[in-house]
Amino acid sequence: MTSSELWTRATADRYDAEENERSSAAFLGPTLAFLADLAGDGRALEFAIGTGRVGVPLRERGVPVAGIELSEHMAAVLRRKIDEETLPVTIGDMATTVVPGDFTLVYLVYNTITNLLTQDEQVECFRNAARHLKPGGRFVIELGVPPLRFLPPGQLAVPFDVSERHVGFDTFDLVEQILVSHHFTRDGDGGDDRYRRDSSRHRYAWPAELDLMARLAGLELERRVADWSGEPFTENSAKHISVWRKPSP
């Protein structure tokens, strides 16, 4: 078991509704095209597949997909959408769990590598990806760039969303590279101003640090872009899509 925090049943049950915009066909189109192109005629493995926001439509696109998921509650939501034979899911952590077969693509989206709260565990995640890849296969991560440029001296919090129904901000432990995401979400409508508070811990990492983790796992950086549409990654990019390749013998 790694240090990842487990998603509860209540969180899993409301996850899809809260991520409805990110689950739309318009939003996912570039993501699915990017991943399907890398998978080619092979199989894809999604680390931390969750409720299948990406894995299910990728399978429907014709790519054979398998998943690893730590939370049985999240996997149960996925199973309401698609059967085990069509999209098999193994319950376990993404740093050590091994599933049968090999893959042309292993991918990890939506900042989820930060759920591993130590550098050693993140290194093991890269090694686990390499373990599953065929020679020439790719490991893909979607991850935000740590927003530390927004922190003036003495400030430890950065807001990332201030909207009618949600207020979110991150607080930072700059020594341990830990951020805590705080969420205040309004439940109900009309004059009901009840807010639900949630928080989660993450270990942030820089692109260069990930490249070193990849090298330790025997992977080589092939490409880094700013988004799933392939926009160039620059010093002002808020996130990156990074692709590392397992060399052929």
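Here are the numbers for the structure shown:
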quantity: Residue in region 101-112 that is more than 15 Å from residue 46 (Cβ to Cβ), in contact (Cβ under 8 Å) with a residue 40 or more places away in the chain, in a helix (DSSP H, G or I) and not aliphatic (A, V, I, L, M) present; calculated: no
quantity: Residue 154 being open to solvent by 40 Å² or more (accessible area, probe 1.4 Å), over 14 Å from residue 68 (Cβ atoms) and either touching a Lys or Arg at 6+ places or on another chain (Cβ under 6 Å) or in a loop (DSSP other than H, G, I, E, B) (or both); calculated: yes
quantity: Members of region 157-173 that are among the aliphatic types (A, V, I, L, M) and surrounded by 12 or more Cβ atoms within 10 Å (Cβ to Cβ); calculated: 157, 158, 167
quantity: Selected residue (criterion: modelled with the lowest pLDDT) from residues of region 223-249 that are loosely packed, with under 14 Cβ neighbours inside 10 Å and closer than 16 Å to residue 139 by Cβ; calculated: 248
quantity: Pairs with Cβ under 9 Å, 6+ apart, first in region 138-167 and among the hydrophobic types (A, V, I, L, M, F, W, C), second at pLDDT below 85 and open to solvent by less than 40 Å² (accessible area, probe 1.4 Å); calculated: 167/186
quantity: All strands (runs of 3 or more DSSP E) inside region 190-249 with 1 or more residues being of a type in the set (Lys, Arg) and touching a Ser or Thr at 6+ places or on another chain (Cβ under 7 Å); calculated: 194-203, 220-225
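Here's the yes/no breakdown for (1) among the acidic types (Asp, Glu); (2) surrounded by 14 or more Cβ atoms within 10 Å (Cβ to Cβ); (3) touching a helix residue (DSSP H, G or I) at 6+ places or on another chain (Cβ under 7 Å):
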residue	(1), (2), (3)
43	no, yes, no
55	no, yes, no
64	no, yes, no
73	no, yes, yes
84	yes, no, no
93	yes, yes, no
97	no, yes, no
100	no, no, no
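The values are calculated or read from the model by the stated rules, or taken from the named source; none is laboratory data. Owing to the predicted nature of the structure, the values given are computational and were not obtained by experimental measurement. Glycine also receives a Cβ, built like all others from the backbone with ideal geometry; neighbour counts cover every protein chain displayed. These area figures cover heavy atoms from the full protein model, side chains too; ligands, DNA and RNA do not enter into them. Shrake-Rupley method; radii C 1.70, N 1.55, O 1.52, S 1.80 Å.
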